[in-house]
Amino acid sequence: FWLKTSRLSVVHARADVPVLLTCSRMAPRTLPVWPAPKPLEGVKSKKRAVFKAEGAEVAAGQNVVIKAVGLSVALESRIAFAGAPEHQAAVTALLRDECKPAAGAATRHRGLAVVVLGPHLAGPGADVEDHFEAVTAALREKPQIVVLQEALAGGPGWAKAFHGLLRCEDLRSFGGAVIICALEETFAIRRVCTERWTSVGDTVKQEDMGGGRGLQILEDVFGKSANSDEAQGKAKGKRGKKRDDDGGDMRDLLEAARSLSEFMFEEDLSDFARKEGWIVTLLVDVSSSGGRVLCGYMCHRMMPAPRSELHIERLAVTQKVQGRGYGKQLMRWVMEEASRIPQEECAVLSCSAFHRVVPFYGKYGFEVADCPDPKKVDDEEEDDPQTWMQRPNKSLVTG
């Protein structure tokens, strides 16, 4: 349902099933605590490199050699490493001093401790709590570098654990380096990282990610804002002014989303989302100065088995940025998220689309289908006929 007016473009759907699952929340009480890393002798600055690889050639499988060029890790590093698992494993082995380069150079601080967080710690069959316990035990080493593996083949338990770890505040504030190894750079990974390691042929090189500029996804904004210092703008300690600035910025974004909702749907987004159990996600544009402007938002909810369904409730894009592909970006985000939910928890994505926008959803694999709740079709207003559409979820989680 892509409704175009003279002011904005909107996608709009409805559902009545209560929320029991979400793909953007993880119980904070279960998340591991990340202890401060052990001090490294002679390292007084978080900007100082504690690992470097320049032209370092290492084996990445049978008869495969990769070259690490210009890789550098400091305690402040947040690095996204998307690509072949073999390349990720080879560079991780170099980081951990488990292999020596056949050519080139790799240098590391002699006291450097590197911990790899992945499904191997508790085993692929473990549940999320077991994985968190294993992560907690591994972090007791107080490493200076943490390698966090997405490892989609690690099973449903690890998929949930990775989801929670990637979004936890402890990862962001950790005093050491974090390297995230994943199949691809998702919105969630880009929000955390400032640099990337990319594989080009047999070469792995380092690139800057633009200092946080560009599009950013803010997930579950009303769920988080209820108890979030950032959303409320509360000051704490030396970071008080920054928290005030961030809080004001978030309040402005939420108010912009509420205004858009009131204009388009004549409803208060905050009240309606909480009442209906929607997860509200904002798409914002971040300027070079760090300011954020609302581009649009999406609301969705998860339906438990036997539906096992992610249902899109609302999608809106503001007038000033119409026609720039922001609706596409929100659809890309929700499909990324769905693909990382176990198949048994999310078998399909659905929406109730205005007839005029059926082709829009068709571009993303949605097809016309029978509505599982026929009463909903009967209750639709005559001037706003809708078409139920859905697409199979292609979960990447295995094991």
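The values are calculated or read from the model by the stated rules, or taken from the named source; none is laboratory data. It should be emphasised that the depicted structure is a prediction, and the values quoted were computed from it without experimental measurement. Neighbour counts run over all protein chains shown; Cβ positions are idealised from the backbone, glycine included. With ligands, DNA and RNA removed, areas are computed over all heavy atoms of the protein, side chains included. Shrake-Rupley method; radii C 1.70, N 1.55, O 1.52, S 1.80 Å.
Numbers for the structure displayed
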| item | result |
| --- | --- |
| R0 of 41 Å, Cβ-Cβ distance E266-K47: FRET efficiency to nearest 0.05 | 0.20 |
| Contour minus Cα-Cα distance for K363 and E76 (0.36 nm per residue) | 99.3 nm |
| For the stretch 155-169, 3J(HN,Hα) per residue [Karplus equation, 6.51 cos²θ - 1.76 cosθ + 1.60, θ = phi - 60°, Hz, x = Gly/Pro] | x, x, x, 5, 4, 5, 5, 4, 4, x, 5, 5, 9, 6, 5 |
| Protein-only accessible surface order, largest first, of H131, H87, H120 at 1.4 Å | H120, H87, H131 |
| Of K47/K160; K44/K160; K47/K328; K52/K394; K205/K394; K100/K205, those spanning more than 26 Å from alpha-carbon to alpha-carbon | K47/K160; K44/K160; K47/K328; K52/K394; K205/K394 |
| For the stretch 89-219, size of Cβ-based charge dipole, Lys and Arg +1, Asp and Glu -1, in debye | 440 debye |
| Student exercise, the stretch 288-399 dipole from Lys, Arg, Asp, Glu Cβ charges, in Debye to nearest 20 | 840 debye |
| Gained length - V69 relative to R274, 0.36 nm times residue gap less alpha-carbon distance | 68.9 nm |
| Distance between modelled label sites at D285 and R110, nm, 7 Å Cα→Cβ extension | 5.3 nm |
| Derived scalar couplings ³J(HN,Hα) [the stretch 58-75; Karplus, 6.51 cos²θ - 1.76 cosθ + 1.60; whole Hz; x for Gly, Pro] | 9, 6, 10, x, 5, 6, 10, 10, 10, 10, 8, 10, x, 7, 8, 10, 10, 5 |
| Pairwise centroid distance, computed over Cα atoms, of the stretch 45-67 with the stretch 110-158, Å | 22 Å |
| Length released on extending from E207 to D97, taking residue separation times 0.36 nm less the Cα-Cα span | 37.3 nm |
| For the stretch 314-324, 3J(HN,Hα) per residue [Karplus equation, 6.51 cos²θ - 1.76 cosθ + 1.60, θ = phi - 60°, Hz, x = Gly/Pro] | 9, 8, 9, 10, 6, 4, 5, 10, 4, x, 9 |
| Nearest-0.05 FRET efficiency for A84 and E255, computed from C-beta distance (R0 35 Å) | 0.20 |
| Antiparallel DSSP beta bridges within the stretch 289-399, as percent of all bridges there, nearest 5 | 85 percent |
| Accessible area (Å², 1.4 Å probe, nearest 10) - E98 | 120 Å² |
| Amide N of the stretch 247-287 lying under 20 Å from the label point, which is placed 7 angstrom from the Cα of Q322 along Cα→Cβ | 256-267, 283-285 |
| Estimated FRET transfer efficiency when R0 is 45 angstrom, pair V33-R356 (beta carbons, to 0.05) | 0.35 |
